[in-house]
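Note sheet for the following structure.
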């Protein structure tokens with residue numbers, strides 16, 4: 001099978017590689033670009049552990065072909081903060097115990113990031129609906145919702161203070 005030349009912008013960095021047309025984005029991210037934040041969970045798009053942002057939308061990278069992502073801008077959990085300065089969502093998940101084993105957490109936070117970009121002041125019901133495509137086996141979701149609501153409040157306060 002012939003390989004395709006793929007160009008991606010991942011976490012602000014331009015990447016070029018050869019990929020098989022049937023190669024999935026999750027494997028390109030994890031195995032070729034060493035971005036191991038997005039996890040392979042169910043491989044059917046049900047769990048959301050592989051969630052990344054692609055061109056301003058949340059996508060399950062286990063069901064996106066690398067060829068479909070050619071030319072795309074992609075953000076993974078690695079692009080949302082640094083070890084020295086966590087993103088507010090990462091801080092709130094830590095502070096409000098929104099994670100346990102951590103397997104689903106990168107997908108949860110990446111999806112929550114996009115949710116808050118689309119709706120900066122969501123209600124609890126809107127958070128629950130917006131996160132419905134991401135599953136967690138460890139928590140009862142209450143602390144995940146609490147973490148996202150706290151992040152929204154902090155982000156809105158910072159935005160108001162800057163204005």
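Where a number appears in this text, it was derived from the coordinates with a stated rule and is not lab data. Remember, it's a predicted structure, so these values are computed and weren't measured experimentally. So basically every Cβ, Gly included, is an ideal-geometry build from the backbone, and we count neighbours across all protein chains shown.
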| request: Kindly identify region 1-46 as rounded, prolate or oblate by the Cα gyration tensor criterion: order the square roots of the eigenvalues as a ≥ b ≥ c, call it rounded if a/c is under 1.5, otherwise compare a/b with b/c, prolate if a/b is larger, else oblate. | output: oblate
| said: Could you sort the peptides 123-134, 43-54 by per-residue average Cβ neighbour count (10 Å cutoff), highest mean leading? | reply: 43-54, 123-134
| query | Once you wrap a convex hull around the alpha carbon atoms of the chain, what is its projected area averaged over all directions, in nm²? | reply | 9.8 nm²
| query | Rounded, prolate or oblate: which one fits region 88-162, using the alpha carbon gyration tensor with axes a ≥ b ≥ c (rounded when a/c is under 1.5, else prolate when a/b beats b/c, else oblate)? | reply | prolate
